[in-house]
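Participant: Structure in structure tokens, see below.
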Amino acid sequence: QKEVEQDPGPLSVPEGAIVSLNCTYSNSAFQYFMWYRQYSRKGPELLMYTYSSGNKEDGRFTAQVDKSSKYISLFIRDSQPSDSATYLCAILKAGNNRKLIWGLGTSLAVNP
Amino acid sequence: NAGVMQNPRHLVRRRGQEARLRCSPMKGHSHVYWYRQLPEEGLKFMVYLQKENIIDESGMPKERFSAEFPKEGPSILRIQQVVRGDSAAYFCASSPRVFPPGNTIYFGEGSWLTVV
């Protein structure tokens, strides 16, 4: 079993839709949770970062962590064509020398 | 993430040659990380360095791969005697100090290595 599981998609939605992206993880020692966006042939760009259960909102993006279920989500409201990218979850163990463990990424296409 | 500079962006090497990938961290950042991205495997941690020190190289293949972050100049990821399986995108990231909390890491645009 992989430490972090993420549905690769692809996910295709119309402009304006609410998008839900999800990851599950296996190790309860994981403590920090991040969502990155990666455009084709570019480096990952941090979107959201949280370390506690609950919701964290930033503009059109909401990150949700449920540590009891080992489940994290990223919601995108009012999705735009410019949101078309691959979304990666990344997780970090406490005291792990900053070794991020990544999901494979979900490819999202927002159609105008 | 444009602050982390990687070069070359694209590199083609024949089997058996050496590949050198360079990374200049963001200004003020003293921690550098290298990750490799393969299509079916995602991003994998390779090595974490501070100036003149390798802190964690647990993700580096035991042979042919080495990394350094000298006191002056960029961090270098060196791959000797490249094989086709080394073809991948190599990403460098940097952070100012302790990560996390309170800071994050910033990624460069990547170096795409193709071995022919």
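Read the figures in this text as sums done on the coordinates, not as results from a lab. Predicted, not measured: the structure shown is a model, and the values here were computed from it. Here the Cβ positions follow ideal geometry from the backbone for every residue, glycine too, while neighbour counts run over all protein chains shown.
Participant: List nothing, just return the count: lysine pairs in the protein assembly as shown, 8 or more apart or interchain, with Cα separation under 17 Å.
Facilitator: Taking the Cα cut-off of 17 Å, the pair count is 15.
Participant: For peptide B:52-62, compute the average count of partner chain beta-carbon atoms within 10 Å of each residue's beta-carbon. All intermediate terms of the calculation are to be shown ahead of the outcome.
Facilitator: Working: counts 0, 0, 0, 2, 4, 0, 2, 1, 0, 0, 0.
So the per-residue partner count for this stretch is 1.
Participant: What is the calculated FRET efficiency for A:Arg41 to A:Ser68, with r their C-beta to C-beta distance and R₀ = 35 Å, to the nearest 0.05? All intermediate terms of the calculation are to be shown ahead of the outcome.
Facilitator: Values: r = 38 Å, r/R0 = 1.09.
With R0 = 35 Å, the Cβ-Cβ based efficiency is 0.40.
Participant: Based on the Cβ-Cβ distance of A:Ala17 and B:His10, what FRET efficiency does E = 1/(1 + (r/R0)^6) give at R0 = 41 Å, to the nearest 0.05?
Facilitator: On the way: r = 35 Å, r/R0 = 0.86.
The pair A:Ala17/B:His10 has a calculated efficiency of 0.70.
Participant: What translational diffusion coefficient, in µm²/s and rounded to a whole number, does the Stokes-Einstein relation yield for segment A:4-85 at 25 °C and a viscosity of 0.890 mPa s, taking the hydrodynamic radius as the Kirkwood radius over Cα pairs?
Facilitator: Details: Rh = 13.5 Å.
In µm²/s, the coefficient rounds to 182.
Participant: So what's the projected area for segment A:57-101, the Cα convex hull averaged over all directions, in nm²? Mind dumping the intermediate values first?
Facilitator: Details: hull surface 17.2 nm².
For the Cα atoms of segment A:57-101, the hull's average projected area reads 4.3 nm².
Participant: Roughly how crowded by other chains is peptide A:31-39, in terms of the mean Cβ count from those chains within 10 Å of each of its Cβ atoms? Walk me through the intermediate numbers first.
Facilitator: Working: counts 2, 4, 0, 3, 0, 3, 0, 5, 0.
So the per-residue partner count for this stretch is 2.
Participant: Report the calculated FRET efficiency for B:Asn53 and B:Val83 (r = Cβ-Cβ distance, R0 = 22 Å), to the nearest 0.05. Could you put the intermediate results ahead of the total?
Facilitator: Details: r = 29 Å, r/R0 = 1.30.
Given R0 = 22 Å and the Cβ-Cβ separation, E is 0.15.
Participant: Over the protein assembly as shown, what portion of Cα pair distances is larger than 28 Å, expressed as a whole percent?
Facilitator: Values: 7908 of 25878 pairs.
In whole percent, the long-distance tail amounts to 31.
Participant: Now for a separate question. How compact and how long is chain B, expressed as Rg and Dmax of its alpha-carbon atoms in Å?
Facilitator: Looking at chain B, its Cα Rg and Dmax stand at 13.4, 43 Å.
Participant: Rounded to whole Å, give me the distance from the Cα center of segment A:21-93 to that of segment B:50-79.
Facilitator: When both Cα centres are located, 29 Å separates them.
Participant: Then there's this: For peptide B:36-46, compute the average count of partner chain beta-carbon atoms within 10 Å of each residue's beta-carbon.
Facilitator: On the way: counts 0, 6, 0, 1, 2, 2, 12, 11, 4, 7, 1.
Per-residue shielding by partner chains comes out at 4.
Participant: Okay, next question. I need the shape label for segment A:1-42. Rule: rounded when a/c is under 1.5, else prolate if a/b > b/c, else oblate, with a, b, c from the alpha carbon gyration tensor. It would help to have the intermediate numbers written out before the result.
Facilitator: Numbers: a/c = 2.12, a/b = 1.83, b/c = 1.16.
Verdict is prolate for segment A:1-42.
Participant: Can you compute the charge dipole magnitude of the protein assembly as shown about its Cα centre, using +1 on each Lys and Arg Cβ and -1 on each Asp and Glu Cβ, nothing else charged? Give it in debye, rounded to the nearest 20. Intermediate results must be reported in sequence, preceding the final value.
Facilitator: Values: 28 positive and 21 negative charges, 144 e Å.
Magnitude of the dipole: close to 680 debye.
Participant: Go through A:58-68, B:81-91 and give me the packing order, highest mean Cβ count within 10 Å leading. Provide the component values of the computation, followed by the final result.
Facilitator: On the way: A:58-68: 14.9, B:81-91: 16.8.
Put in order of decreasing packing, that is B:81-91, A:58-68.
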